[in-house]
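Data first, discussion second: the structure below is written as structure tokens.
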């Protein structure tokens, strides 16, 4: 090998710097490639493994990201942020028990890492360990009460426990911090419906729709709340808007079986049973094991056959 070849070869540090620069430019595939080259020279650089994991997360290559975090943590196990990132990635994979273990490691290293407490609460909620989840969210909020998402997550768990008034209070805190928090307005409406406070629920759905006019679920639940209020003309208009929102979303991605099923459900409410059957057929074509769509289709067929001919 000539002197020029030796001098022109990049060092591990140069590859790692290149990887970080690519990451900052959101060129994550290139970042991973650069980290791979650097790690081939120096596999004992924990930070490079951590950064490689971050880039893999951006690429939705979650299993590989966990492997990268593990390589780095084997070298430096005392990085609370990486344990938290590892837990978040495991949550994306639906591996919630392992995620909680990772968050526990992060918290053992840094008990004041609010994000780890929040993420732990989210994973515990997915495991239906709701009381533990609330305890985790309470610790999060005690550290940083000014984050809307923390309050919203707490409200969601209270909602699951049927503690709807407390859930509304938590959603209100989230909205006070971020008035444009669509999901908080929507979930607040659902909790108010559970409390039979339908008029307030409609107002909450209206707020969600004002922020995101294409939120089909908000139009749907708004229509159901209006039925409870006996405001039938408004309810029908809301259901029509629901169908329009589903149609818009399905035009972008027509392969969502649950959305075709939900669209069929709304068409049934509107007594448009033939169209509902067509919608259920689309859901079943995408997912032949969609039991709810199959059941709904049978009901729609029965109602369609009972409708008088036009």
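Pairing each residue of segment 218-234 that is closer than 19 Å to residue 208 by Cα with any residue that is not in a helix (DSSP H, G or I), provided the two are 6+ apart or on different chains, yields C-beta distances under 8 Å for 218/212.
The rows are residues; the columns are (1) touching a helix residue (DSSP H, G or I) at 6+ places or on another chain (Cβ under 7 Å); (2) crowded, with 20+ Cβ neighbours inside 10 Å; (3) closer than 24 Å to residue 293 by Cβ.
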residue: 201; (1), (2), (3): yes, yes, no
residue: 225; (1), (2), (3): yes, yes, no
residue: 228; (1), (2), (3): yes, no, no
residue: 235; (1), (2), (3): yes, yes, yes
residue: 238; (1), (2), (3): yes, yes, yes
residue: 244; (1), (2), (3): no, no, yes
residue: 250; (1), (2), (3): yes, no, yes
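Name the one entry in 121, 189 that is under 18 Å from the mean Cα position of the chain (by Cα) and touching a residue at least 12 places away in the same chain (Cβ under 8 Å).
Working: 189 fails: under 18 Å from the mean Cα position of the chain (by Cα).
Result: 121 is the single residue among 121, 189 that is under 18 Å from the mean Cα position of the chain (by Cα) and touching a residue at least 12 places away in the same chain (Cβ under 8 Å).
Within segment 125-163, the set of residues being over 17 Å from residue 173 (Cβ atoms) and within 15 Å of the chain's Cα centre (by Cα) comprises 125, 126. Residues that are surrounded by 19 or more Cβ atoms within 10 Å (Cβ to Cβ) and assigned to a helix (DSSP H, G or I) were ranked within segment 270-283; the one that is farthest from the chain's Cα centre (by Cα) is 273. Annotation: residue 230 fulfils all but one of (1) under 17 Å from residue 193 (Cβ atoms); (2) in a helix (DSSP H, G or I); the unmet one is (2).
Looking across segment 235-266, the residues that are free of Cβ contacts under 8 Å to residues at least 40 places away in the same chain and under 15 Å from residue 186 (Cβ atoms) come down to 238, 241, 242, 245. Has segment 159-173 got at least one residue that is under 25 Å from residue 102 (Cβ atoms), assigned to a helix (DSSP H, G or I) and in contact with a helix residue (DSSP H, G or I) (Cβ under 8 Å, 6 or more places away or on another chain)? Yes, there is a match, as at least one residue in segment 159-173 is under 25 Å from residue 102 (Cβ atoms), assigned to a helix (DSSP H, G or I) and in contact with a helix residue (DSSP H, G or I) (Cβ under 8 Å, 6 or more places away or on another chain).
Going by the conditions given, is residue 87 out of contact with any strand residue (DSSP E or B) (no Cβ under 6 Å at 6 or more places or on another chain), in contact (Cβ under 8 Å) with a residue 24 or more places away in the chain, part of a helix (DSSP H, G or I) and closer than 30 Å to residue 179 by Cα? Considered against the rule, which asks whether it is out of contact with any strand residue (DSSP E or B) (no Cβ under 6 Å at 6 or more places or on another chain), in contact (Cβ under 8 Å) with a residue 24 or more places away in the chain, part of a helix (DSSP H, G or I) and closer than 30 Å to residue 179 by Cα, residue 87 comes out as yes. Counting the residues of segment 124-158 that are surrounded by fewer than 17 Cβ atoms within 10 Å (Cβ to Cβ) and part of a loop (DSSP other than H, G, I, E, B) gives 5. Looking at residue 211, is it modelled with pLDDT of 95 or more and either touching a helix residue (DSSP H, G or I) at 6+ places or on another chain (Cβ under 6 Å) or surrounded by 15 or more Cβ atoms within 10 Å (Cβ to Cβ) (or both)? Here the answer is yes, as residue 211 does meet what is asked.
Would segment 47-59 turn up any residue that is surrounded by fewer than 22 Cβ atoms within 10 Å (Cβ to Cβ), farther than 27 Å from residue 94 by Cβ and modelled with pLDDT of 95 or more? Scanning segment 47-59, I find at least one residue that is surrounded by fewer than 22 Cβ atoms within 10 Å (Cβ to Cβ), farther than 27 Å from residue 94 by Cβ and modelled with pLDDT of 95 or more, so the answer is yes. Screening the candidates 289, 255 for the property of being out of contact with any strand residue (DSSP E or B) (no Cβ under 8 Å at 6 or more places or on another chain), at pLDDT 90 or above, over 19 Å from residue 217 (Cα atoms) and surrounded by fewer than 16 Cβ atoms within 10 Å (Cβ to Cβ) yields one hit, 289. Counting the residues of segment 284-294 that are part of a helix (DSSP H, G or I) and either in contact with a helix residue (DSSP H, G or I) (Cβ under 9 Å, 6 or more places away or on another chain) or in contact (Cβ under 8 Å) with a residue 60 or more places away in the chain (or both) gives 6.
The values are calculated or read from the model by the stated rules, or taken from the named source; none is laboratory data. Model, not experiment: these values are computed from the prediction. Methodologically, a virtual Cβ is constructed for each residue, glycine included, from the backbone with ideal geometry; neighbour enumeration extends over all protein chains shown.
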